[in-house]
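Encoded as structure tokens, here's the structure I'll be asking about.
The values are calculated or read from the model by the stated rules, or taken from the named source; none is laboratory data. None of the values given here were measured: they were computed from a predicted structure. FYI the Cβ positions are ideal-geometry reconstructions off the backbone, even for glycines, and counts take in every protein chain you see. Heavy atoms of the whole protein, side chains included, go into the accessibility calculation; ligands, DNA and RNA do not. Shrake-Rupley method; radii C 1.70, N 1.55, O 1.52, S 1.80 Å.
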Amino acid sequence: MPQPSAVTIKRLFAVSGNNCAFPDCQIPISDEENATIIGEICHIEADKSGGPRYNSMQTNEERQAFENLILMCANHHKL
């Protein structure tokens, strides 16, 4: 299954400000003290058929594109 490119992942982290994208969430995406990534890359329109907001008209490349991805903490990703 296709994955986001390294460039796309770097771009997501660059614009995140090290915070979860959920409104008013202040949970950091990375723990600098322990050099650990704790955030998750989330698809706005689902990656898999049957998932939330799945768009059958999207190509695999569009599903993994910057415009369809967002960084969130694990709690908000599950929501």
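Are any residues in segment 53-77 touching a strand residue (DSSP E or B) at 6+ places or on another chain (Cβ under 9 Å) and surrounded by fewer than 10 Cβ atoms within 10 Å (Cβ to Cβ), and if so, which ones?
Within segment 53-77, just Arg53 meets the criteria.
Starting from residues that are within 12 Å of the chain's Cα centre (by Cα) and without any contact (Cβ under 8 Å) to a residue 60 or more places away in the chain, keep the ones in segment 6-18 and report whichever is least open to solvent (accessible area, probe 1.4 Å).
Leu12
Is it the case that some residue within segment 39-53 is on the phi < 0 side of the Ramachandran plot, outside any loop (DSSP other than H, G, I, E, B), within 12 Å of the chain's Cα centre (by Cα) and touching a residue at least 40 places away in the same chain (Cβ under 8 Å)?
no
Here's something else I'd like to know. Any chance you could count how many residues in segment 1-27 are within 10 Å of Met72 (Cα to Cα) and in contact with a helix residue (DSSP H, G or I) (Cβ under 9 Å, 6 or more places away or on another chain)?
Of the residues in that region, 5 qualify.
Quick one: which of Gln26, Gln3 is in a loop (DSSP other than H, G, I, E, B), in contact (Cβ under 8 Å) with a residue 40 or more places away in the chain and open to solvent by 80 Å² or more (accessible area, probe 1.4 Å)?
Exactly one residue qualifies, and that residue is Gln3.
Let me ask something else about it. Say we look at segment 6-23 and pick out the residues that are part of a loop (DSSP other than H, G, I, E, B) and of a type in the set (Gly, Ala, Ser); which of these is farthest from Lys48 (Cα to Cα)?
The selected residue is Gly17.
Turning to a different aspect of this structure: Quickly run through segment 54-79 and pick out the residues that are free of Cβ contacts under 8 Å to residues at least 40 places away in the same chain and more than 19 Å from Ser5 (Cβ to Cβ).
Tyr54, Asn55, Ser56, Met57, Ala74, His77, Lys78
Quick check on my filter: what residues within segment 29-38 are loosely packed, with under 14 Cβ neighbours inside 10 Å and assigned to a loop (DSSP other than H, G, I, E, B)?
Glu32, Glu33, Asn34, Ala35, Ile38
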